[in-house]
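Novice: Take a look at this one; I'll ask things after.
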Amino acid sequence: MKPTFSVDQLNRPEVIRNPYPYYDLLRDQSPLFGYRDYPPGTMPGVDEPKPSWVVLNFDEVAAVAWDHESFSSRDSLQEESSAPTLMLVNHDRPEHTRLRKIAAKVFQPSSIKALTPAVDALVAGCMDDFFVPDQPVDVMADYCAMLPSRVMAFLFGMPADMDRDVRNWATAFMLSADITPEERQSHNREAMAFFERHVREQMDRIERGEQVPGPLLDAFIRTEVEEDRLSFEEIVRFCMTATVAGAETTSFYLGNLIAVFADFPDIWQKFVDDPALFDAIYKETLRFHGPPQRLFRVATRDITIGHADIKRGDWVACFFGAANYDPEAFPDPYAFRLHRPNASRHMSFGYGIHRCLGAPLAQLEAESTAHMLRERYSGIERTGEAVWQDVSLLNHGLASNPVIFRGQE
């Protein structure tokens with residue numbers, strides 16, 4: 001008999017640390033009603049989360065995520081919060097179509113590929129700053145926390161010494177920092193005030209014909225699709241969205257990738273022997289240790305999913321992390337399989353029209369990190385317990401990841 005476990009217990013710290021066995025306890029009952037939790041940007045202790053349906057099976061998660069007509073991404077709780085609404089993540093068509101056309105041009109593969117030398121330099125600099133061969137280091141305290149923040153600062157033309165500010169803004173907005181509502185509001189206000197000032201200054205410089213730092217911000221300002229450009233407010237909110245999502249989720253992914261190398265020495269050795277295996281390792285890590293766990297949708301009509309009759313206005317929590325561990329979709333999900341034939345079906349970047357546009361940038365940071373680790377170090381060993389964060393079920397990632405990078409002989 002399965003242990004008793006209810007959907008309202010999903011926010012317990014031990015579940016957040018390792019949610020997958022608990023998803024299994026609920027999977028046969030999915031969808032279930034009664035889960036309450038916070039979307040990104042809302043204020044725990046101030047906002048009141050809505051009760052929602054929980055969807056855990058791969059096919060049901062895919063159905064909800066794909067059907068953007070029946071399940072809206074507009075988030076009334078987030079819109080009513082003091083924090084800014086996210087771009088694309090919280091938009092529906094037709095506005096989503098317009099914004100995504102412009103953003104897709106900004107994030108086109110050739111533009112991301114052109115960032116490789118700059119990202120490689122930032123990766124090398126972070127490793128120089130934080131790694132000492134044969135000495136224990138907690139990669140979550142420095143490298144994984146700071147590399148994505150430094151990348152975001154570079155992309156938006158921010159002073160390099162604002163990397164810690166970016167980190168604080170991201171962890172506050174994405175709910176992984178265990179801070180007071182007042183501190184969270186302060187970080188949100190500070191971030192928005194900075195981007196409003198910074199974007200205006202950069203737009204003025206462009207108007208004067210001057211070159212501006214920050215390739216991503218420059219692209220947001222200049223990009224035009226069908227004679228349509230982003231407004232000042234939209235540029236500011238895109239900066240906020242890309243910064244908080246790009247810094248936070250990528251930070252967790254880098255830590256999870258390094259954990260795979262430390263905890264599965266055979267995977268590390270295979271990568272050392274054949275660096276072309278990175279793509280397979282990257283995809284299976286996204287399934288096995290994918291940071292994004294869930295996002296909310298709101299039903300726009302009465303609809304049936306599985307056995308559940310979902311009513312118009314009901315909230316639905318799509319658990320992408322649970323879909324990644326559905327044994328019907330991914331046999332033996334608790335095994336890290338290097339050559340899993342359908343690893344690319346993972347849902348860590350979402351599904352449908354809201355699939356993450358920043359995924360190529362996250363991959364660039366991960367790929368540069370992996371290849372530079374391979375060049376610099378002979379091995380990666382765990383030197384202490386891996387401690388998984390237990391603050392928010394929004395992301396699955398490590399709070400502490402102590403390892404040793406062995407020097408080349």
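The values are calculated or read from the model by the stated rules, or taken from the named source; none is laboratory data. Quick caveat, the model's predicted, so the values are computed rather than measured. Don't worry about glycine lacking a Cβ; one is built from the backbone with ideal geometry, like all the others, and counts go over all protein chains shown. In case anyone asks, the SASA skips ligands and DNA or RNA and just uses the protein heavy atoms, side chains included. Shrake-Rupley method; radii C 1.70, N 1.55, O 1.52, S 1.80 Å.
Novice: Do you know which of the residues in segment 1-19 that are open to solvent by 10 Å² or more (accessible area, probe 1.4 Å) and within 23 Å of the chain's Cα centre (by Cα) is nearest to residue 389 (Cα to Cα)?
Specialist: Across segment 1-19, the extreme among qualifying residues is 17.
Novice: Within segment 190-199, is even one residue surrounded by fewer than 17 Cβ atoms within 10 Å (Cβ to Cβ), over 30 Å from residue 280 (Cβ atoms) and free of Cβ contacts under 8 Å to residues at least 24 places away in the same chain?
Specialist: Looking for residues that are surrounded by fewer than 17 Cβ atoms within 10 Å (Cβ to Cβ), over 30 Å from residue 280 (Cβ atoms) and free of Cβ contacts under 8 Å to residues at least 24 places away in the same chain, one finds at least one in segment 190-199, hence yes.
Novice: Of everything in segment 178-206, what is closer than 17 Å to residue 391 by Cβ and either of a type in the set (A, V, I, L, M) or modelled with pLDDT of 90 or more (or both)? Give them in sequence order.
Specialist: 179
Novice: Restricting the search to segment 115-126, which residues are within 22 Å of the chain's Cα centre (by Cα) and of a type in the set (A, V, I, L, M)?
Specialist: Hits for segment 115-126 are 115, 118, 119, 122, 123.
Novice: Scan (1) surrounded by fewer than 21 Cβ atoms within 10 Å (Cβ to Cβ); (2) more than 18 Å from the chain's Cα centre (by Cα) for the single condition residue 156 breaks and write down its number.
Specialist: So the condition that residue 156 fails would be (1).
Novice: Can you find even one residue in segment 265-279 that is under 25 Å from residue 66 (Cα atoms) and of a type in the set (A, V, I, L, M)?
Specialist: Scanning segment 265-279 turns up no residue that is under 25 Å from residue 66 (Cα atoms) and of a type in the set (A, V, I, L, M).
Novice: Tell me which of these residue 31 doesn't satisfy, since it passes every other one: (1) free of Cβ contacts under 8 Å to residues at least 60 places away in the same chain; (2) under 17 Å from residue 60 (Cα atoms); (3) not basic (Lys, Arg).
Specialist: The single condition residue 31 does not satisfy is (1).
Novice: Something else about it: Hey, among the residues in segment 241-253 that are among the aliphatic types (A, V, I, L, M) and in contact with a helix residue (DSSP H, G or I) (Cβ under 6 Å, 6 or more places away or on another chain), which one's nearest to residue 202 (Cα to Cα)?
Specialist: Looking only at segment 241-253, we keep the residues that are among the aliphatic types (A, V, I, L, M), and these are 242, 244-245, 247.
With the extra rule that they be in contact with a helix residue (DSSP H, G or I) (Cβ under 6 Å, 6 or more places away or on another chain), the set shrinks to 244, 247.
Values: 244: 20, 247: 22 Å.
In this case the residue turns out to be 244.
Novice: Still on this model: Can you pull out the residues in segment 381-409 that are outside any loop (DSSP other than H, G, I, E, B), of a type in the set (A, V, I, L, M, F, W, C) and open to solvent by 10 Å² or more (accessible area, probe 1.4 Å)?
Specialist: 387, 388, 399, 404
Novice: Mind listing just one residue for me: the one in segment 39-87 that is closer than 25 Å to residue 230 by Cα, open to solvent by 40 Å² or more (accessible area, probe 1.4 Å) and in a helix (DSSP H, G or I) and, of those, modelled with the highest pLDDT?
Specialist: This residue is 76.
Novice: Right, here's the next one. When residues of segment 12-21 are filtered for being farther than 17 Å from residue 61 by Cα and either touching a Phe, Trp or Tyr at 6+ places or on another chain (Cβ under 8 Å) or among the acidic types (Asp, Glu) (or both), how many remain?
Specialist: 5
Novice: Please find, among 202, 185, the residue that is assigned to a helix (DSSP H, G or I), of a type in the set (S, T, N, Q) and open to solvent by less than 30 Å² (accessible area, probe 1.4 Å).
Specialist: Values: 185 fails: open to solvent by less than 30 Å² (accessible area, probe 1.4 Å).
Being assigned to a helix (DSSP H, G or I), of a type in the set (S, T, N, Q) and open to solvent by less than 30 Å² (accessible area, probe 1.4 Å) holds for just one of 202, 185, which is 202.
Novice: Is it true that residue 248 is crowded, with 24+ Cβ neighbours inside 10 Å, of a type outside the set (Ser, Thr, Tyr) and over 18 Å from residue 56 (Cβ atoms)?
Specialist: Taking the combined requirement at face value, the residue satisfies it.
Novice: Still on this structure, I have one more. crowded, with 20+ Cβ neighbours inside 10 Å, out of contact with any Gly (no Cβ under 7 Å at 6 or more places or on another chain) and over 21 Å from residue 322 (Cα atoms): is that true of residue 296 in this structure? Can you show your working first?
Specialist: Details: crowded, with 20+ Cβ neighbours inside 10 Å: yes; out of contact with any Gly (no Cβ under 7 Å at 6 or more places or on another chain): yes; over 21 Å from residue 322 (Cα atoms): no.
No: the conditions fail for residue 296.
Novice: Pick from segment 346-380 the residues that are without any contact (Cβ under 8 Å) to a residue 40 or more places away in the chain and in a helix (DSSP H, G or I): which of them is surrounded by the fewest Cβ atoms within 10 Å (Cβ to Cβ)?
Specialist: Among those that are without any contact (Cβ under 8 Å) to a residue 40 or more places away in the chain and in a helix (DSSP H, G or I), it is 375.
Novice: Now for a separate question. Could you check how many residues of segment 115-152 are in contact (Cβ under 8 Å) with a residue 12 or more places away in the chain, of a type in the set (Gly, Ala, Ser) and surrounded by fewer than 17 Cβ atoms within 10 Å (Cβ to Cβ)?
Specialist: 4
Novice: Might you let me know whether segment 313-327 holds any residue that is in a helix (DSSP H, G or I), under 27 Å from residue 137 (Cα atoms) and open to solvent by less than 20 Å² (accessible area, probe 1.4 Å)?
Specialist: no
Novice: So, one more: Given the options 253, 282, name the one that is of a type outside the set (Val, Ile, Thr), surrounded by fewer than 21 Cβ atoms within 10 Å (Cβ to Cβ) and within 29 Å of residue 153 (Cα to Cα).
Specialist: Result: 282 is the single residue among 253, 282 that is of a type outside the set (Val, Ile, Thr), surrounded by fewer than 21 Cβ atoms within 10 Å (Cβ to Cβ) and within 29 Å of residue 153 (Cα to Cα).
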